[in-house]
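Scroll down for the structure; my scribbles are underneath it.
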């Protein structure tokens with residue numbers, strides 16, 4: 001595929017809002033464009049089984065995709081089918097070059113209902129593949145009646161998974177000493193040592209600058225990896241599969257995608273669930289890209305995590321070395337303040353070998369950030385801290401095997417996808433200069449230096465790849481607040497560090513007639529994660545259209561809902 005420039009003839013938002021994709025008459029493209037769209041809608045997917053079972057009850061969608069555990073779920077997974085369909089590379093030129101969309105469908109367990117209704121699934125990111133997750137999440141949840149009554153539809157958004165264009169940026173951190181040098185601490189952006197400060201600044205700037213350049217150099221069709229292109233892909237999938245309307249389950253950034261799709265195709269909207277809500281403000285970036293309070297919410301989330309870890313019960317070792325006492329003490333401390341003190345002390349002992357990884361200060365903080373998404377990770381996180389502390393006390397360069405196992409159970413990762421950056425950077429034009437004319441990168445580094453002291457956990461995170469991105473800006477996203485839409489169900493934890501309750505309330509103001517189900521605690525992506533109250537409310541909506549009463553709140557765990565939040 002070639003990197004075709006955006007054409008003058010674009011799909012009008014008015015036509016999109018009408019639920020049909022029409023191409024403007026500029027350059028006489030309308031007849032060919034409409035014919036191409038109709039032809040694409042008439043595609044017949046060449047469905048194949050999604051997995052190949054073996055005697056050990058394992059299966060994989062394809063080489064390179066994580067194996068599925070089929071034990072006890074073989075019959076359910078047998079209903080899953082996969083295919084690819086074609087889409088325009090550029091929806092403003094439907095008769096031009098083609099993108100490829102990888103899709104999956106878990107047919108409804110009730111054969112009479114298969115093919116009648118579908119719930120489309122997006123795991124967020126933006127830029128996370130959803131074809132495998134859509135099937136896996138519902139099959140292995142066990143407790144839901146949704147896949148018995150409607151099809152589950154998954155897809156890899158363009159730029160992700162097996163869909164094309166394929167965003168090829170490499171590992172962001174492979175271009176920089178940021179993680180290669182395990183002694184580098186990004187708090188050194190505020191170091192009084194000029195040499196350390198410069199090393200941190202250089203690594204920080206280069207990591208994003210070189211990453212953005214690699215995306216541009218290695219990806220054909222990069223400028224077409226945007227939310228606006230993807231929501232049209234979604235409606236094409238809907239048409240190809242024959243659904244008059246779609247239902248929707250979107251997590252995190254997938255909530256914004258669902259809202260934008262709904263605003264563009266309001267007559268195609270069924271029951272939409274937005275879990276861990278991103279406020280759909282029409283852009284991923286404010287006009288000024290530097291947040292003077294960067295890191296403030298992350299610092300607060302670290303405090304919340306520390307309070308939880310103070311109550312985490314990890315079994316004591318035989319010598320009483322602080323691995324817990326069986327009374328809710330993790331051995332990291334019995335108060336938030338004590339755990340935070342332990343965090344700083346452990347951090348100062350790094351780097352240290354954990355399994356096959358050199359765990360640096362930077363990586364340690366990233367592991368913590370990822371563990372904030374779910375309280376199911378807190379026990380293994382506590383074990384990691386304790387093992388690091390014990391290795392430091394013993395003067396050993398590596399942790400023991402049990403600690404390495406706890407680290408692996410956290411399933412850490414240290415890069416973000418090129419598709420995520422493409423979407424964030426191309427959905428809106430990012431500022432290159434501040435209002436006073438200063439380079440925005442220089443201003444971001446100044447704020448990073450200030451906030452590395454103010455909010456040491458993550459206050460230095462002010463630079464973004466978008467500051468170095470020069471791909472064309474994508475078409476404006478539809479205004480969600482102006483669309484007439486049926487009520488949606490929004491779900492958000494009160495202390496979610498990734499999507500705040502304020503973000504959910506901002507979306508609620510735009511989505512008139514919708515309801516917000518609040519959840520105690522800080523878990524991110526709550527439905528199908530073991531909270532019976534949330535599962536009950538979401539499924540009542542998806543299956544029967546019943547929204548919860550205004551002010552309904554679910555506690556953590558499996559207790560019943562309560563009114564008032």
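Read-outs: derived from the displayed coordinates by stated rules, not from any lab. Since the structure is predicted, the reported quantities are computational estimates derived from the model, not experimental observations. Note that we place each Cβ from the backbone using ideal geometry, even for glycine, and neighbour counts take in every protein chain shown.
Listed highest first by mean packing, meaning other Cβ atoms within 10 Å per residue, what order do 88-100, 417-429 come in?
So the peptides 88-100, 417-429, ranked by packing, come out 417-429, 88-100.
Express the relative contact order of the range 400-472 as a whole percentage, based on alpha carbon pairs under 8 Å and six or more residues apart in sequence.
Computed value for the range 400-472: 28 percent relative contact order.
Using a cut-off of under 13 Å, list every residue of the range 430-457 whose amide N is near the label point 7 Å from the Cα of residue 299 along the Cα-to-beta-carbon line.
The answer is 448-457, whose backbone nitrogens lie closer than 13 Å to the label point.
Please tell me the relative contact order of the range 108-169 in percent, rounded to the nearest whole number, where contacts are Cα pairs under 8 Å and at least six residues apart.
The value is 40 percent.
Rank by packing, highest mean first: peptides 238-245, 298-305, 117-124, with packing defined as the count of other Cβ atoms within 10 Å averaged across residues.
Ranking, from highest mean packing down: 117-124, 298-305, 238-245.
Students often check this: by mean Cβ neighbours within 10 Å, which of 198-208, 246-256 ranks highest, and how do the rest follow?
Descending packing order for the listed peptides: 246-256, 198-208.
Tell me the label-point distance for the pair residue 97, residue 358, using the 7 Å Cα-to-Cβ offset, in nm and rounded to one decimal.
4.0
Run the quick spin-label model on residue 78 and residue 401: label points 7 Å from Cα toward the beta carbon, then report their separation in nm to one decimal.
3.9
At q = 0.18 Å⁻¹, what is the base-10 log of I(q)/I(0) for the range 410-565 according to the Debye formula with one equal point scatterer per Cα and no solvent? Please give it to two decimals.
Log10 I(q)/I(0), no solvent term: -1.16.
Give me P(r) over the range 221-269, computed from all C-alpha to C-alpha distances, binned every 5 Å, as integer percentages.
In order of increasing distance, the bins hold 5, 21, 31, 25, 13, 5, 0 percent.
Given the Cα-Cα distance of residue 546 and residue 213 and 0.36 nm per residue of separation, how much length would full extension add, in nm?
115.0 nm
If we count other beta carbons within 10 Å of each Cβ, what is the order of 116, 44, fewest first?
Going from least to most buried by this count: 44, 116.
Please give the length that would be gained between residue 512 and residue 220 if that part of the chain were fully extended, namely 0.36 nm times their separation in residues minus their C-alpha to C-alpha distance (nm, one decimal).
101.1 nm
What nm value, rounded to one decimal, do you get for the distance between residue 86 and residue 335 when each label is placed 7 Å out toward the C-beta?
6.8
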